[in-house]
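Remarks on the structure that follows.
Quick note: the coordinates plus some simple rules give every number you see, no bench work behind them. These numbers come from a predicted model, not from an experiment. In this analysis, Cβ positions are derived from the backbone assuming ideal geometry, glycine residues included, and neighbour counts consider all displayed protein chains.
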Amino acid sequence: MDNHSLSGQDTAPFLEFDNVTVFHGDKKVLDGLSVTLRRGGNVAILGPNGAGKSSFIKTITREFYPRLDAGPVMFRICGKDVWDVFALRSAFGVVSNDLQYTFTRQITGREVVLSGFFSSIGLFNREITPEMDRKADEICAFLGVSGISDRTMTEMSSGESRRFLIGRAMVNDPGVLILDEPTNSLDLNALHTFRQTIRKIARAGTGIILVTHNLQDIIPEIDRVILMKNGRFEADGRKEDLLTDDHIGRLFGVPMKVITVDGYYYATGY
């Protein structure tokens with residue numbers, strides 16, 4: 001599949017945050033985050049539930065905004081500080097559990113993919129062009145779901161429907177695919193298929209930002225890991241340096257033994 005980055009901002013990092021603090025109501029959910037994520041890189045953001053991972057994603061998608069009264073703040077995507085939210089869809093795609101719950105209705109898998117062109121939850125008599133049809137067919141074939149694309153989302157397993165949501169996120173050839181807790185509710189078979197799908201996407205050149213509390217979600221193509229806890233980034237570095245007994249044990253607050261198998265990391269000894 002072809003990947004196209006945003007023209008005019010090709011050399012800028014995908015994301016630049018500096019001193020980003022976010023409140024949700026009266027609760028501080030992000031506390032002075034500073035990070036740069038470059039195009040083409042594959043990174044995992046790992047942390048326990050309540051660490052602020054989903055709030056970080058919602059800040060990227062402009063659902064949450066940083067406080068501006070805590071000193072200078074940088075809040076930039078693809079070299080731009082101000083965005084039309086709809087224009088962001090060509091910069092990145094997002095797959096989340098919240099999105100999956102939204103699509104639990106009588107919508108076919110192919111309609112889910114096509115809805116990505118409109119950032120909608122259905123087609124609602126939208127005009128589908130031949131180019132959109134061609135692109136949807138190409139993505140379904142790439143993801144290995146062409147044979148079930150006429151099924152409704154309510155007829156699919158969680159793993160099958162998750163792949164159509166990935167397809168929806170990919171229709172505009174985003175440079176980055178953001179996955180927020182992507183393997184929740186997947187059984188072992190679906191987990192295996194999902195991981196192979198994400199590996200295929202990463203090898204095709206789309207950058208992956210994986211947000212998870214599961215060590216085993218981190219595919220071998222990811223080389224950078226950011227550890228997150230209490231709304232802060234606790235550590236940022238090479239996967240091999242951070243996915244250790246000591247780092248993971250402190251992050252989750254329990255004694256931990258980390259093992260590697262075929263490029264995957266697993267935690268044992270709870």
Response to the item:
Here the percent of antiparallel bridges among DSSP beta bridges lying wholly in the chain, to the nearest 5, is 55 percent
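Could you compute the FRET efficiency for Arg62 and Ser185, with r as their C-beta to C-beta distance and R0 at 30 Å, rounded to 0.05? Don't skip to the end; give the middle numbers.
On the way: r = 27 Å, r/R0 = 0.89.
It comes out at approximately 0.65.
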Discussion item. Based on C-alpha coordinates, I'd like the Rg and Dmax of region 85-158, in Å.
Written reply: 12.2, 33
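Mean separation of Cα pairs under 8 Å and 6+ residues apart, divided by the residue count of region 112-270: what relative contact order is that in percent?
Details: 180 pairs, mean separation 24.7, N = 159.
In percent, rounded to a whole number, it is 16.
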Worksheet item: Given the rule -39500 (n - 2.57) for each run of at least 4 DSSP H residues, summed and divided by the residues of the chain, what is its mean residue ellipticity at 222 nm, to the nearest 500 deg cm²/dmol?
Response: -8000 deg cm²/dmol
Worksheet item: Which whole-number percent gives the relative contact order of the chain, counting Cα pairs below 8 Å spaced six or more residues apart?
Response: 25 percent
Worksheet item: Which residues' amide hydrogens lie under 5 Å from the amide hydrogen of Gly231, considering only partners 5 or more residues apart or on another chain, with H built in the peptide plane?
Response: Gly52
Practice prompt. Please turn the phi angles of region 217-230 into ³J(HN,Hα) values with the Karplus equation 6.51 cos²θ - 1.76 cosθ + 1.60 (θ = phi - 60°), one per residue in order, whole Hz, x for glycine and proline.
Written response: 6, 6, 6, x, 5, 7, 10, 10, 10, 10, 8, 10, 7, 6
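Fewest Cβ neighbours within 10 Å first, please rank Val261, Val254, Val176 accordingly. Don't skip to the end; give the middle numbers.
Details: Val261 8, Val254 12, Val176 27.
Going from sparsest to densest Cβ surroundings: Val261, Val254, Val176.
I'm checking a number: the convex hull volume of the Cα atoms of region 29-110, normalised per residue, in Å³. What is it? Don't skip to the end; give the middle numbers.
On the way: hull volume 12.1 nm³, N = 82.
Roughly 147 Å³ of hull volume per residue.
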Response to the item:
For Gly40, other-chain or 5+-apart residues with amide H closer than 5 Å (H placed, Pro excluded) are Gly207
Fill in: Residue-by-residue Karplus 3J(HN,Hα) for region 191-198, coefficients 6.51, -1.76, 1.60, Hz, glycine and proline x
4, 4, 4, 4, 4, 5, 5, 5
Fill in: Placed amide H near Leu30: partners under 5 Å, 5+ positions off or other chain
Val22
Discussion item. Pairs of alpha-carbon atoms within less than 8 angstrom and 6+ residues apart define the contacts here; what relative contact order does region 78-186 have, in percent?
Written reply: 46 percent
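Average projected area of the Cα convex hull of the chain, in nm²? Please report the intermediate quantities before stating the final value.
Numbers: hull surface 59.4 nm².
Here the figure is 14.9 nm², rounded to one decimal.
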Item to complete: In Å and from the alpha-carbon atoms only, list the Rg and Dmax of region 142-270.
Response: 15.9, 48
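For region 196-270, how big is the tail of P(r) above 17 Å, as a whole percent of Cα pairs?
On the way: 1225 of 2775 pairs.
When all Cα pairs of region 196-270 are counted, 44 percent exceed 17 Å.
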Worksheet item: When we measure straight from the Cα of Lys28, which lysines land under 26 angstrom away, once same-chain ones fewer than 8 places off are left out?
Response: Lys53, Lys58, Lys80, Lys229
